[in-house]
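Report on one structure; see the data block that follows.
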Amino acid sequence: MSTAATFFGQQVLNRVSFLRCSKEFIKKSLNHDSTVFIPFIEGEALISPENGDLVQLSKSTNSSTKILSTIIPLYTTLLNTTRSRSDESGINLTFLGLLENTDSTFNFELSSNSYKGTPYFGLDIRVSESTLFKSADFEPIFSFPKMTRDHIFKQTNKDASLYSQGRMYLDWLAKYKFCPGCGSKLFPVDAGTKLQCSNENKGVHCNVRDANVNNVCFPRTDPTVIIAMTNSDYSKCCLARSKKRHGNFVLYSTIAGFMEPSETIEEACTREIWEETGISCKDIDIVRSQPWPYPCSLMIGCLGIVKFNGQNEIINLNHDDELLDAQWFDTIEIIQALDKYTGGFRVPFKNDINLPGSTTIAFQLIKHVCEKHKRLHSTSASHL
Ligand SMILES: [Zn+2]
């Protein structure tokens, strides 16, 4: 298992999740001089017109004066009430964590422990005619360009990871507006990391409000398995071309699919491999994972080792209709392509085929097969 941070997966902040329920902590962190807000509009982050970076606001940035001096203090008075809902206020807010080892003077004491760092929040602007805050309140950033997928992969992993965390929480807050138990309005509590049913009528049963344990008030993470398939000596690697278009080029990559309820990661891989390629693969290793904020996936990267016996490795695309093609490639050819790769969204492979670029877990898994092959090759060579 690699400990190197995957793109979107760098834990930049100490999330201090146990402090989210402290109103005192949230009020203090929202209004501290050093606090940083990452603004989103309708769920998408913004790009600085000056340098193309992810926009982050603090009291030291000129464009944020009104937001930090007027809007945030007013929103602080609405916390934990239905008036804080974005339908009424025009914003959603979520606490992301503390950036430690900065020169921030922020400090919060709890149970003889001291928590220091720069507080970070995600701020989603969803204004309309009827909301408390209006679009003019957020100028000039309201006119900034939105972060596209092309732009996000040009950001540093630190900023992309902050973006990923904020985007996942804010997307969830914007979509879950009504209680699945009774249909009442939901409103955010615990600094926008939990939703609460507003139904106070005890005579009306709500199986969400009244349950001891439920999972519908918290943000979801959807596990997805993504698998690089190889054989016992790593000399082959199966890659597939999806029917979904990936730009104007031919892309061969690892296969992937959502996990289903009550399925182990290993069984989900075996099922996905067979459904999509017809290949029989029972030997699965979990390698590494990557958060994927479109909208809330966790990609669980695995290696599937297929025991070639004339049957297991035969490709049959006729079960599921997802793939245009799948092929067993020689790992040595992939190694040669990766050796020439100098960065970018795609790796030129052979003919007109491309492989995914280094910000993806698919690339990391393909590279993992190559490294396994190289290691085995150098070990067997040393025994000669
Ligand atoms: Zn309810």
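The values are calculated or read from the model by the stated rules, or taken from the named source; none is laboratory data. Small disclaimer: the values here were computed from a predicted structure and weren't measured. Cβ placement follows ideal geometry from the backbone for every residue including glycine, while neighbour counts extend to all protein chains displayed. The protein model used for the area step is the full one, side chains on, heavy atoms only, and it has no ligands, DNA or RNA in it. Shrake-Rupley method; radii C 1.70, N 1.55, O 1.52, S 1.80 Å.
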What nm value, rounded to one decimal, do you get for the distance between Glu200 and Ser58 when each label is placed 7 Å out toward the C-beta?
3.9 nm
Looking at the stretch 209-289, which chymotrypsin sites (Phe, Trp or Tyr not before Pro) are in a loop (DSSP not H, G, I, E or B) and have at most 15 other Cβ atoms within 10 Å?
Phe249
With a 1.4 Å probe and every protein chain left in place, tell me how much accessible area Glu100 has, in Å² to the nearest 10.
90 Å²
Charges only on Cβ, +1 for Lys and Arg, -1 for Asp and Glu: so what's the dipole of the chain about the Cα centre, in debye to the nearest 20?
680 debye
Computed FRET efficiency, Cβ-Cβ of Phe142 and Asn248, R0 30 Å: what is it to the nearest 0.05?
0.40
Loop-located trypsin sites (Lys or Arg not before Pro) in the stretch 228-263 whose Cβ has at most 15 other Cβ within 10 Å (DSSP)
Lys243, Lys244, Arg245
Output the 0 to 90 degree angle, nearest 10, between the alpha-carbon long axis of helix 157-175 and the longest principal axis computed from the alpha carbons of the chain.
60 degrees
Cβ-based charge dipole, the stretch 91-192, positive-most Cα from Asn157, Leu98, Ala174:
Ala174
Lone cysteines in the chain, defined as no other cysteine's Cβ under 4.7 Å from theirs: which are they?
Cys21, Cys217, Cys237, Cys238, Cys269, Cys281, Cys296, Cys302, Cys370
At 7 Å along the Cα-to-beta-carbon direction for both Arg149 and Ser111, put a label point, then send me their distance in nm to one decimal.
4.3 nm
Crossing angle, helix 331-340 versus the chain [Cα axis fit, 0-90 degrees, rounded to tens]:
50 degrees
So what's the gap between the Cα centers of the stretch 155-201 and the stretch 227-281, to the nearest angstrom?
32 Å
The chain: relative contact order from alpha carbon pairs under 8 Å, six or more residues apart, as a whole percent, is 16 percent
How big is the charge dipole of the stretch 37-143 about its Cα centre, in debye rounded to the nearest 20, if each Lys and Arg gets +1 on its Cβ and each Asp and Glu gets -1 on its Cβ?
300 debye
If I fit a long axis through the Cα atoms of helix 265-277 and take the longest principal axis of the Cα atoms of the chain, what angle between them do I get, 0 to 90°, rounded to 10?
60 degrees
Computed over the stretch 17-197, the relative contact order (Cα-Cα under 8 Å, seq sep at least six) in percent reads 29 percent
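What percent antiparallel are the DSSP beta bridges of the chain, to the nearest 5?
75 percent
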Per DSSP, the loop-located GluC sites (Glu not before Pro) within the stretch 194-289 having at most 11 other beta carbons within 10 Å are Glu200
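Largest first, how would Met259, Met147 line up by accessible area (1.4 Å probe)? Present the calculation step by step, with values, prior to reporting the outcome.
On the way: Met259 40, Met147 10 Å².
Listed by decreasing accessible area, they come as Met259, Met147.
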